[in-house]
Amino acid sequence: MSSPSTVLTTGDPGHSVAEHNPVAGLAHDQRGGISNPILGMLLFICSEIMFFSGLFAAYFSVRASAGVWPPVVADSPELSEAFNLHAEPWFALVLTIVLVISSFTCQFGVWAIRRGDRTGFIRNMAVTLILGITFLIGQGYDYATLGFGLSDGVFGTTFYTLTGFHGAHVFGGVVMLSVVIYRGLAGQFSARHHDAVEATSLYWHFVDVVWIALFSTLYIL
């Protein structure tokens, strides 16, 4: 009589299956390496890093070639004052804090789904979505009250190009978060299957880091 740990051999002398061995049953569910969604997102983020690097390079090139920065418009003191973002960085700082907090809540959501806590995952992702929308509304309000536009010289062009492209990426992140929340409510994620959540969080963290760089460049340096 064989015991529960008896090893049954097949026709292949180099192959054996352990009967009633739970480790052997789990071996087929374990994946090695990185998943395709996360790898795809990492590659996409690499391309976005190059894109924003080009925008920052253009900004610093224009800034280095200018005699005075922010530019002074001799016939428009109001415009010169509006260009001086260093004097009133507080609203942009609030938007920065909002986006940084959203990055934390997004990560909390990732940790929750890793534990299998779907309720915590949905709540944290919903808060992240609300904060992302708040940032976009705040950026729209900031545009309306800055006092200069896209066509107001090289400063206006570079400012709106940098912040506008970032805003478009935040909007894309909001769409991704909405899809993740919808799928989460449908019960499509679990502790073992949540690659889309991980990929979305990577993108959102990237958007956060880019804004911190933009805020530091435009409002502090």
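Just give me the residues in region 44-80 being of a type outside the set (A, V, I, L, M, F, W, C), more than 26 Å from Val207 (Cβ to Cβ) and under 33 Å from the mean Cα position of the chain (by Cα), in sequence order.
Ser65, Pro71
Those residues that are assigned to a helix (DSSP H, G or I), open to solvent by 20 Å² or more (accessible area, probe 1.4 Å) and touching a residue at least 40 places away in the same chain (Cβ under 8 Å), I need them from region 182-214; list them, please.
Leu185, Asp195, Ala196, Glu198, Leu202, His205, Phe206, Ile212, Ala213
Take Phe83 and decide whether it is touching a helix residue (DSSP H, G or I) at 6+ places or on another chain (Cβ under 6 Å), of a type in the set (Phe, Trp, Tyr), at pLDDT below 95 and open to solvent by less than 20 Å² (accessible area, probe 1.4 Å).
Here the answer is yes, as Phe83 does meet what is asked.
Please indicate, with yes or no, whether at least one residue in region 154-162 is under 19 Å from Val98 (Cβ atoms) and open to solvent by 40 Å² or more (accessible area, probe 1.4 Å).
No, that holds for no residue.
Counting only residues that are open to solvent by less than 20 Å² (accessible area, probe 1.4 Å) and either under 28 Å from Thr158 (Cα atoms) or over 15 Å from the mean Cα position of the chain (by Cα) (or both), how many does region 104-133 have?
5
Step by step: first the residues of region 134-151, then only those that are in contact with a helix residue (DSSP H, G or I) (Cβ under 9 Å, 6 or more places away or on another chain) and open to solvent by 50 Å² or more (accessible area, probe 1.4 Å), then the one that is nearest to Phe51 (Cα to Cα). Which residue is that?
Leu150
The values are calculated or read from the model by the stated rules, or taken from the named source; none is laboratory data. Quick caveat: nothing in here was measured; it's all calculated off a predicted structure. A quick note on method: Cβ atoms are made from the backbone with ideal geometry, for glycine too, and the neighbour counts reach across all protein chains shown. Heavy atoms of the whole protein, side chains included, go into the accessibility calculation; ligands, DNA and RNA do not. Shrake-Rupley method; radii C 1.70, N 1.55, O 1.52, S 1.80 Å.
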